[in-house]
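Values quoted throughout were computed directly from the atomic coordinates according to the rules given, and no laboratory measurement underlies them. For clarity, every value in this text was computed on a predicted model and none was experimentally measured. As a convention, Cβ positions derive from the backbone with ideal geometry for all residues, glycine included, and neighbour counts pool all protein chains shown.
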Amino acid sequence: MYRFWTVFFALVPILGTALCVYAFYNHELLWFGESGSWWLPEDISTFGKDIDRIFNFLGWIVMITFIACNILLCWFMWKYADKPGDTRKATYSHGNHNLEVFWTSATAILLAVIAMSQLGIWMEIKFPSSSVDVPVFANVTARQFEWRITYPGPDGEFGTIDDFESNSDFVVPVGRKIKMMLRSQDVLHSFFLPNMRVKQDAVPGLAIPVWFEATKTGQYDLVCAELCGWGHYKMKGRLTVLSKEDYDRWQKSAIAESNRAGSDEEDEE
Amino acid sequence: MSPTPGTEAGHHDHGHDDHDHHELGFWRKYVFSEDHKTIGIQFLFTSLVFLGLGGLLALGVRWQLGWPWSRVPLIGKYVFPDTGGVMSPEFYTMLFTMHATVMIFFVIIPMLTGAFGNWIIPLQIGARDMAFPKLNMISYWFMWPAIICMLSSFFVEGGAAAAGWTSYPPLSVQSSAAPGSGMGQTLWLMAITFAGVSSMTGSVNYITTIVMMRTPGMKMFRMPLTVWALFITAILQAFALPVLTAAGFMQLMDRTVGSVFFTPVIDDAVGYVVNGKEILVGGGQPLLWQHLFWFYSHPAVYIMILPAMGITSDVLATFSRKPIFGYKPMIFAIASIAGLGFIVWGHHMFQSGMNPAVGMTMMVTTTFIALPSAVKVFNWLGTIWGGRIQYTTAMLNALGFVSLFLIGGLSGIFMASTPVDIYIHDTYFIVAHIHYVLFGGSIFGFFAAVYYWFPKMFGRMLDETWGKIHFVISFAAMNCTFFPMHILGTGGMPRRLADPFIYDYLEPLRGLNTFVSISAMVMGAAQIIFVINIVASVFWGKKAPDNPWNANTLEWCATPTPPGHGNFGPELPVVNHGPYEYAHPKADADFLPQTAPKF
């Protein structure tokens, strides 16, 4: 039976690695999958490359450790099985001090490298100091179950007459550092742009600065990633990245739209 | 049967001598029992029932994710008559909230620390019972108010709690925020508090018993690693749990008497309106709850895994017929996991709005908690190296633990990394990780414990063939269920969505979700084998000898099967050897009981 058990346990690293490799490379030919990606979605941000690089770096370390440990596990399971007719006693050993010191310090060094390798990029993305000199591009306020985005308008000041709003559609120009202030009006939400590698919880009572810079135009999903009630799943927004010219055009029409809506309201009054 | 006067068990005499002339009645013997073994078995069966309930809740979650908005088979037409048998999104949020709550507070903690902690500690250290038998009984019976609160919450208006098992305010505090945030959430908080009393009384008992009541010769460094793990777990509980209890009371007060611990300062820019209801008074901070909650709940993860690590060590050594590799490094590893476990809670809050500099500090400590975990894995591999491995069901489950914990430990590195966590936080990557640790780890450790100690508990052997069938299906289905979740998370699928496919970028993951759901059902079905095996073996199993595995520790070599009241004979056993002296060159047999005479 020991052969069966060894092979059975060996299936874990073999199939696990195969699945990861397949997911990384592939995409379209599987019986239970529609076409599309099983891996990190397309990155359209400036710092996403760094995050993906750390992800892959950790992926390699983890994969090597995973396979190495499983090789040892299966090798020992095969070699040291209690086979019929075998009368030997097991090795009487309580361990090995030098070996313990070696693998403890080797692991510690590796972990220190891992920890150090990510300090810089974290500071760049999340520390408020990294976007302190950028004017606020928009206020994003989450509420059950929608995103309200307020733009300061051409004057760049909030609370003035040319402010305008859009609902669950965040429109930004490409190639510009966008800083937004994230708030919540009711419960916790989380502002998640998978393609931008951005995630930040929105906390009522706090205004949290978030920044990113899009490198590609197009439409992408804006996801709520923190449970916010029964309608959490449908708190879907959209990120629209436009070229500089298209953005200016869109801003004009949005302001016109907003003025029209405003005057309609006045008429009603 | 009667304890020797003047032994450590003297305290225990009163309850015993009073009844020396007649057997204890049914109620005192089986229901309100003060015997640690009976209490352990009570915990065991209670948590097994809840394992079934928690599993069904999980299958409900998987049904919705595998086949969103389709009619729920069998029970759909009774539970959701208005929608033609399709579950509602609020029911879905309730399902995953209660799945996690049940599994954590009513299955894993009572199963490992409650059932096995109770049953094994006195037997392995050579004590006649726990230090405080009455307190021990109270510890079990405090589970019942928790159970009543928890079960009745399913039937109150709005249904059971639906704010996630983490119960983050304001969702959990403002009753208008979600359907389950009414009475259901109040009952949830009460249930957690009662379960906390149970854990607390248990942990006080374990610490005292282990420190004070070891039999002569049972030095601290002669205790089996299971006892070490349970000892350190009890210390973790004693220090972490009060924080959760305090936080629970604060949330209860926020909900009932109008305090505002977790209700924020009103933001002038946006106001504070929950579901149309304006909140006028504030001054608290929602993040405070997260800090308090995780200050308990991160150590709680170790409360759930450390006992399983101890059990695995015992089982691996016994069935490798070889001393544990690095006994002291193993203890130091457990202790440092527990110590570091207190200063890593912020890794649950990297994206929460907490100061990112705190996140950076917590990232470093979290990365380094991988160190003792790695040391443990290396030592387990060292233990089977050079052994003479017997593939019993208990051993297979322990090896399964090592294989699965390896994956759970390694995937944790991704989450510890703050930049990567920005992307994978709150995705299925996290779900994969916790299930590898808590299902692959705790539950397989629990399986190993059941297959290993069942003969001593009930005096009958479990059926090995059915045990192996159960293991093969569980292990394969477990990997098929949870390994693909790493891919789902890498693809960006957030957790807790009633219908992830509302997002276009998640459409490619639909097929994989269906596959995961089918695997989960197979895994659930396999547990029927486990339950039948247990029930059938209790009544009709082969009679177990005193030491069926030729193990060294006291419960096997110094007690009859099953052990009677008072555990040991008239004299307490005297310990002369460490717990893992297998294959000792001076011994004739390949094992050397702890009670064997000195050489």
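For the pair region B:335-414 and region B:437-467, the centres of their Cα atoms are 23 angstrom apart. I want the local charge near A:Leu58. Using Cβ-Cβ distances under 12 Å, sum +1 for each Lys or Arg and -1 for each Asp or Glu among the other residues. In short, -1.
Angle check, please: helix A:97-116 long axis (alpha carbons) against the longest principal axis of chain A (alpha carbons), in degrees 0 to 90, nearest 10. Here the helix axis deviates by roughly 10 degrees. Which translational diffusion coefficient, to the nearest whole µm²/s, is obtained for chain A from the Stokes-Einstein equation, given a Kirkwood hydrodynamic radius over C-alpha pairs, 10 °C and 1.306 mPa s? The estimated diffusion coefficient comes to 69 µm²/s. Panel order for B:Arg222, A:Arg260, by other beta carbons found within 10 Å of each beta carbon, from fewest to most: A:Arg260, B:Arg222. Close amide-amide hydrogen proximity is noted between A:Phe47 and A:Glu213, each under 5 Å apart and 5 or more residues distant or on a separate chain (H modeled in the peptide plane; Pro and chain starts excluded).
Could you work out how far helix B:143-152 tilts from the main Cα principal axis of chain B, as a 0 to 90 degree angle to the nearest 10? It is inclined by approximately 30 degrees. Shown in residue order for region B:406-419 are the 3J(HN,Hα) couplings computed by the Karplus curve 6.51 cos²θ - 1.76 cosθ + 1.60 at θ = phi - 60°: 4, 5, x, x, 5, 5, x, 4, 5, 6, 5, 6, 4, x Hz (x for Gly and Pro). With the convex hull drawn over the C-alpha atoms of region A:129-268, the volume per residue is 120 Å³. If I fit a long axis through the Cα atoms of helix B:327-340 and take the longest principal axis of the Cα atoms of chain B, what angle between them do I get, 0 to 90°, rounded to 10? Compared with the principal axis, the helix lies near 30 degrees. What number do you get for region B:445-593 when its Cα radius of gyration is normalised by 2.2 N^0.38 Å, N = residues? So region B:445-593 has a normalised radius of gyration of 1.54. Across region B:453-466, coupling constants 3J(HN,Hα) worked out from phi with the 6.51/-1.76/1.60 Karplus curve, θ = phi - 60°, read 9, 3, x, 6, 5, 10, x, 9, 7, 6, 6, 6, 5, 5 Hz, and Gly and Pro carry x.
For region A:129-268, what proportion of DSSP beta bridges, expressed in % and rounded to the nearest 5, is antiparallel? Here the antiparallel bridges make up roughly 70 percent for region A:129-268.
Take every DSSP beta bridge whose two residues both sit in the protein assembly as shown; close to 70 percent of them are antiparallel. Only beta bridges with both residues in chain A are counted; by DSSP, about 70 percent of them are antiparallel. If you wrap the tightest convex hull around every Cα atom of chain B and split its volume per residue, you get 156 Å³. Counting Lys and Arg as +1 and Asp and Glu as -1 over every other residue whose Cβ lies under 13 Å from the Cβ of B:Gln351, the net charge comes to -1. Taking θ as phi - 60° and the Karplus parameters 6.51, -1.76 and 1.60, the scalar couplings of region B:585-597 work out to x, 7, 8, 6, 6, 8, 9, 9, x, 4, 8, 4, x Hz in sequence order, x denoting glycine and proline.
Stokes-Einstein, applied to the Kirkwood radius of the protein assembly as shown over Cα pairs at a viscosity of 0.890 mPa s and 25 °C, places its translational diffusion at 86 µm² s⁻¹.
The charge dipole of region A:129-268, taken about the Cα centre with unit charges on the Cβ atoms of Lys, Arg (+1) and Asp, Glu (-1), comes to about 900 debye, rounded to the nearest 20. Proximity of backbone amide H atoms, modeled 1.01 Å from N, is registered between B:Gly353 and A:Asp201 at under 5 Å, excluding neighbours fewer than 5 places apart on the same chain.
Amide H contacts under 5 Å for B:Phe591: B:Ala583, restricted to partners 5 or more places along the chain or on a different chain, H placed in the peptide plane at 1.01 Å from N. In this structure, the pairs whose alpha-carbon distance is over 29 Å, taken from A:Lys49/A:Lys236; B:Lys29/B:Lys542; A:Lys179/A:Lys216; A:Lys199/B:Lys376; B:Lys134/B:Lys598, are A:Lys199/B:Lys376; B:Lys134/B:Lys598. Shown here are the Rg and Dmax of the Cα trace of region B:216-290, at 21.5, 69 Å.
For A:His232, the shell of other residues with beta-carbons less than 14 Å away shows a net charge of -2, using +1 for Lys and Arg and -1 for Asp and Glu.
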